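Notes follow once the structure below has been shown.
The values are calculated or read from the model by the stated rules, or taken from the named source; none is laboratory data. Just so you know, these numbers come straight off a predicted model, no measurement behind them. No Cβ is skipped: glycine too gets one built from the backbone with ideal geometry, and neighbour counts run over all protein chains shown.
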Amino acid sequence: MTKPEIAKLQAYLRRTFANTNIRLVAMKTGDTAEVFIGEESIGVIADDKEDGDDSFVFRMAILDIDLEEV
């Protein structure tokens with residue numbers, strides 16, 4: 001992903017979720033960025049160029065221990 005794509009995605013996620021603590025960091029693979037809220041990694045966004053369409057896929061794993069009440 002390019003820096004402008006990452007900036008656009010970060011702005012989109014911040015607006016959509018009303019959270020200015022969301023930030024994206026490019027990963028070494030080149031077509032992905034890690035998504036953070038504050039210092040915690042919450043998932044990965046990958047660029048999905050298929051059939052001439054450009055879209056992005058967000059993957060977030062939720063562990064069963066994350067669902068336990070404190």
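A few comments on the model shown:
- Cβ-Cβ distances below 6 Å connect the following pairs, each with a first residue in region 34-45 that is under 10 Å from ARG23 (Cα atoms), a second residue that is of a type in the set (Asp, Glu), and a separation of six or more residues or different chains: SER41/GLU34.
- Looking only at region 52-63, residues that are modelled with pLDDT of 90 or more and loosely packed, with under 10 Cβ neighbours inside 10 Å come to 3 in all.
- Residue that is surrounded by the most Cβ atoms within 10 Å (Cβ to Cβ) [pool: residues in region 1-21 that are among the aliphatic types (A, V, I, L, M) and in a helix (DSSP H, G or I)]: LEU9
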